[in-house]
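K.L.:
Can you read through this structure? Questions will come right after.
The values are calculated or read from the model by the stated rules, or taken from the named source; none is laboratory data. Predicted model only: the values in this text are computed from it and were never measured. All Cβ positions, glycine included, derive from the backbone under ideal geometry; neighbour counts span all protein chains shown. Side chains included, ligands, DNA and RNA excluded: accessible areas come from the protein's heavy atoms. Shrake-Rupley method; radii C 1.70, N 1.55, O 1.52, S 1.80 Å.
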Amino acid sequence: MNDIKSVQEEIIEEFSILGDDKESTIFYIMELGDKLPPFPEEEKKEDNIIKGCQSKVWLITKTEGDKVVYLADSNTDITKGLISLLIRVLSYRKADEILDSDLYFIDKIGMGSIIGSQRSNGLAAMIKQMKLYALAYQSKLNA
Amino acid sequence: MAKTGFDVDDIRERFPVLHQEVNGRPLVYLDNAATSQKPLSVIEALNHYYTTDNSNIHRGAHALAARATDYYENTRKSVSSFLNAPSEEQIIFTKGTTEGINLVASTFGRKFIHEGDEIIISAMEHHSNIVPWQMLCAEKGATLKVIPITDDGELIMEEYEKLLSSKTKLVSVLHVSNALGTVNPMESIISMAHRAGAKVLVDAAQSTSHFTVDVQALDCDFLVFSAHKLYGPTGLGVLYGKRELLEEMPPYQGGGEMIKEVDFSGTTYNEIPFKFEAGTPNIADVIAFQKALEFVSTVGKEQLLAHENELLTYATEKLGTIKGFIPVGKAKHKVSVLSFLINGMHPFDVGMMLDAVGIAVRTGHHCAQPLMKRFNIEGTVRASFAVYNTKQEIDVLYVSLSRIAKRKN
């Protein structure tokens, strides 16, 4: 099984191994960001920037069959790591699945205390934008 | 250390906030240019005021009001002697440096700046010493001129000289750069401005906490600073002005305290400094600020500066050996601030990784976006030192930063 729930459980398991050590956790998040697939340079434009993030975050989508695929990048490594977690959970899924998803792993791994309130707002903005893209795709399908 | 009677451990004992763990490590507080920590004497004075003396000042007919008024005015006397001002009437309490600058822009500016006049600032100003003048210039049809800086972060004095003319009405420059630590040659800046017939405002937010600032020796027309960067409470600042200017300037805000007599046919204003202190002032913080000044005086400004300089030199040399370490701002005369980048890394990431091990620094543009643009960067990581910091703390910073820099270097 590789559904949204099981991927979240995997992430929770990985972060539980790191325990309370904030330094290791931050380094781990940044390593996850390093593994993000490359983002096309020409897409790093104003229109693709997510509003509400302190760092610059570019997000685009494409579709493969009936799946929504996300591509993203950021000018800061920690933010890249955060996006990579969201992409791992939400990318290559049907729009319905994305829209119905409850991303409980964020609270479960204590992301709020790891990244602080400002970045938490940014994270919320990323999720909102990802769901908006899924909604747009779903509307197109139903049109 | 070649200092006598200076014991940093003893000083640290006086700052309760320093004795805590952050993310499981002892706190290393290196964000002093943003705000300094407060000695116990300041914290206790605040507590004491509210538990024993709380009262409104200047007009009460009772014992508590008299006590509170005395303490409040005592701080004014202390600030006056701290700056070597000619008289305590020239010391006006504000909310902070920002309000001090806005006060001068709104009053001196309103009366003395006219269409076609010029105001000079520098390329390294904090936003609080840019925006009030932009607003004033837009309102008056005046022009804002900017002294350029070198790649090392020093003012280009030849260019400053060229900007000065009979049109220049005011020069407003920071004494020490919050983002780079550059100490500007204030005496020259002021004497050159005066020769051109211009007045000078000194933004001393980052200097009063590090070395002696003498308003008469400087011969500045205005000087502003904040108490909270000088071991005092937040929400309090000081504006010093030359007497004849303060007397000529219109009031800033209307209200109680600033009046002599109010009648519906017209109002006469109070004398300085009260003319500029409308409403109930920040009594508790003013009274507690006295203890911050006493703390600085007990340590001694020379010893304080010597210690901070030693830390800055040590940090600059030690961190400079880290592969990928890029200092930003290499002025010959600097104080307290070490601004830097780690090659290939965003300042936010560096700041967050340092926070993860209990080290508090500032990251970002430091409210000096034009300065960041001058260096073609988004921001920096800034470590800034105060009297209670130690070489051991710099060693901790060095170890963490070395590990962080290895990611990309």
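K.L.:
Kindly identify residues of the range B:348-392 having a loss of at least 50 Å² in accessible area between the isolated chain and the assembly of all protein chains, probe radius 1.4 Å.
P.N.:
At a threshold of 50 Å² (probe 1.4 Å), the residues of the range B:348-392 that become less exposed are B:F348, B:D349, B:M352, B:M353, B:A356.
K.L.:
Count the DSSP beta bridges whose two residues both fall in the range B:43-297, then state the antiparallel fraction as a percent rounded to the nearest 5.
P.N.:
50 percent
K.L.:
Would you mind checking the tilt of helix A:22-34 against the longest principal axis of the Cα atoms of chain A, expressed as 0 to 90 degrees and rounded to 10?
P.N.:
30 degrees
K.L.:
For labels at A:I12 and B:T267 in the simple 7 Å Cα→Cβ model, what's the distance in nm?
P.N.:
Those two pseudo-labels are separated by 6.2 nm.
K.L.:
Angle check, please: helix A:4-18 long axis (alpha carbons) against the longest principal axis of chain A (alpha carbons), in degrees 0 to 90, nearest 10.
P.N.:
It works out to around 20 degrees.
K.L.:
Add +1 for every Lys or Arg and -1 for every Asp or Glu among the other residues with Cβ under 13 Å from the Cβ of B:S87, and state the total.
P.N.:
My count for the surroundings of B:S87 gives -2.
K.L.:
Now for a different question. Kindly report the accessible area of the range B:1-147 per residue (heavy atoms of protein chains, probe 1.4 Å, no ligands, DNA or RNA), in Å².
P.N.:
Averaged over the residues of the range B:1-147, the accessible area is 45 Å².
K.L.:
Determine the shape class of the range B:339-409: with a ≥ b ≥ c the square roots of the Cα gyration tensor eigenvalues, call it rounded for a/c under 1.5, and otherwise prolate if a/b is greater than b/c, oblate otherwise.
P.N.:
oblate
K.L.:
Where the centroid of each part is defined by its Cα atoms, how far is the range A:6-68 from the range B:64-111 in Å?
P.N.:
51 Å
K.L.:
How big is the A-B contact in terms of buried accessible area, both chains counted, 1.4 Å probe, rounded to the nearest 100 Å²?
P.N.:
Result for this pair: about 1400 Å² buried.
K.L.:
Separate question: Binning at 10 angstrom from zero up to the longest distance, how are the C-alpha pair distances of chain A distributed in percent?
P.N.:
Values per bin, smallest distances first: 12, 43, 36, 9, 1.
K.L.:
Accessible area per residue of the range A:4-142 at 1.4 Å probe, in Å²?
P.N.:
Ligands and nucleic acids excluded, the figure is 50 Å² per residue.
K.L.:
Averaged across the residues of A:111-121, what count of C-beta atoms belonging to other chains lies within 10 Å of each residue's C-beta?
P.N.:
Taking the mean over all residues of the peptide, I get 1.
K.L.:
Here's a follow-up. Calculate, for the range B:210-363, the solvent-accessible area per residue in square angstrom, rolling a 1.4 angstrom probe over the heavy atoms of the protein chains.
P.N.:
Normalised by residue count, the accessible surface of the range B:210-363 is 38 Å².
K.L.:
Ignore the peptide's own chain and count Cβ atoms of other chains within 10 Å of each Cβ in B:15-24; give me the average, rounded.
P.N.:
1
K.L.:
Next question. From the Cα gyration tensor of chain B, with a ≥ b ≥ c the square roots of its eigenvalues, which class applies: rounded if a/c is under 1.5, or else prolate if a/b is larger than b/c, or else oblate?
P.N.:
oblate
K.L.:
Carbon-plus-sulfur fraction of the accessible area of the range B:43-297, 1.4 Å probe, in percent?
P.N.:
50 percent
K.L.:
Sorted by mean Cβ packing within 10 Å, highest first, what order do the peptides B:331-339, A:86-94, A:33-41 take?
P.N.:
Per-residue mean Cβ counts within 10 Å order the peptides as B:331-339, A:86-94, A:33-41.
K.L.:
Do any residues of the range A:61-80 show a loss of at least 20 square angstrom of accessible area between the isolated chain and the full protein assembly, using a 1.4 Å probe, and if so which?
P.N.:
Checking the loss per residue gives A:N75, A:T76, A:D77, A:I78.
K.L.:
So which trypsin sites (Lys or Arg not before Pro) in the range B:18-93 are both in a DSSP loop and have at most 14 other Cβ atoms within 10 Å of their Cβ?
P.N.:
Those that pass, being in a loop and sparsely packed, are B:R59.
K.L.:
A further question on this structure: Assign one of three labels to the protein assembly as shown, namely rounded, prolate or oblate, based on the Cα gyration tensor with a ≥ b ≥ c the square roots of its eigenvalues; rounded applies when a/c is under 1.5, prolate when it is not and a/b is larger than b/c, and oblate otherwise.
P.N.:
Taking the square roots of the gyration eigenvalues as a ≥ b ≥ c, the protein assembly as shown is prolate.
K.L.:
To continue, here is another question. Nearest 10 degrees is fine. How inclined is helix B:186-195 to the longest principal axis of chain B, computing both from alpha carbons?
P.N.:
Here the helix axis deviates by roughly 40 degrees.
K.L.:
Going by accessible area, probe 1.4 Å, with all protein chains left in place, what is the ranking of B:T267, B:T380, largest first?
P.N.:
From most exposed to least exposed: B:T267, B:T380.
K.L.:
Can I ask one more? Would you kindly work out the equivalent ellipsoid of the range B:153-216 from its C-alpha gyration tensor and give its semi-axes, the square roots of five times the eigenvalues, largest first in whole Å?
P.N.:
Its equivalent ellipsoid spans semi-axes of 21, 14, 9 Å.
K.L.:
Determine the alpha carbon to alpha carbon distance for each of B:K291/B:K318; B:K77/B:K330; A:K51/B:K373; B:K145/B:K408 and list only those over 30 Å.
P.N.:
B:K291/B:K318; B:K77/B:K330; B:K145/B:K408
K.L.:
Rounded to the nearest percent, how much of the accessible area of chain A (1.4 Å probe, protein heavy atoms only) is carbon and sulfur?
P.N.:
Roughly 50 percent, rounded to a whole number.
K.L.:
What fraction of the DSSP beta bridges in the protein assembly as shown is antiparallel, stated in percent and rounded to the nearest 5?
P.N.:
Of those bridges, close to 70 percent are antiparallel.
K.L.:
Right, here's the next one. Rounding to the nearest 20 debye, state how big the charge dipole of the protein assembly as shown is about its Cα centre with +1 on each Lys and Arg Cβ and -1 on each Asp and Glu Cβ.
P.N.:
700 debye
K.L.:
When DSSP assigns beta bridges and you keep just the ones with both residues in chain A, what percent turn out antiparallel, to the nearest 5?
P.N.:
Bridges in chain A that DSSP calls antiparallel: roughly 100 percent.
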